[in-house]
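Pasting in a structure now, in structure tokens, and then I'll have a few things to ask.
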Amino acid sequence: MSGETGPASVAPPPGEVEPGSGVRIVVEYCEPCGFEATYLELASAVKEQYPGIEIESRLGGTGAFEIEINGQLVFSKLENGGFPYEKDLIEAIRRASNGEPLEKITNSRPPCVIL
């Protein structure tokens, strides 16, 4: 071993709350539909912005990709027909972490591209 260490996790200063702490996200998705990769990509982007956030995944029914923030459904692929844009989810998390009311995400990107 060379003695080098990986990137250090930077903790917030004492008394300062880590971004996203206190916010809980549950993503329910259809595994047989191949939506796990989308979940992992979204979870990674969220964790990058909000390291203190709690993200839980659950297996859902056919076609499902549903997102709850603190128990409130904020996105439904079953209703919208696509997947959420990362920026919209990040904005919803920002609102939740600031104690602002949440609104349902209605924008969605298509689930696939036909060439």
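The values are calculated or read from the model by the stated rules, or taken from the named source; none is laboratory data. Everything quoted here is computed from the prediction, not taken from an experiment. Ideal geometry is used to build each Cβ from the backbone, glycine not excepted, and the neighbour counts take in all protein chains shown. We work out accessible area using only protein heavy atoms, side chains counted, and drop any ligands, DNA or RNA first. Shrake-Rupley method; radii C 1.70, N 1.55, O 1.52, S 1.80 Å.
On a straight-distance basis, which aspartates and glutamates could pair with Lys77 in a cross-link, Cα separation under 20 angstrom, same-chain partners fewer than 8 positions away excluded?
Glu28, Glu31, Glu36, Glu41, Glu56, Glu66, Glu68, Glu86, Asp88, Glu91, Glu103
Once the other residues with Cβ under 13 Å from the Cβ of Gly63 are scored (Lys, Arg +1; Asp, Glu -1), what is the net sum?
-3
State, to one decimal in nm², a quarter of the convex hull surface area for the C-alpha atoms of the stretch 24-98, i.e. the direction-averaged projected area.
Reported value for the Cα convex hull: 4.4 nm².
What's the carbon and sulfur percent of the stretch 29-115's accessible surface, probe 1.4 angstrom, rounded to a whole number?
50 percent
For Lys47, which lysines qualify as cross-link partners when the Cα separation must be under 20 Å and same-chain residues fewer than eight apart are set aside?
Lys87
Under a Cβ-Cβ cut-off of 10 Å, what is the net charge of the residues other than Ala45 that fall near it, where Lys and Arg count +1 and Asp and Glu count -1?
So the environment of Ala45 carries a net charge of -1.
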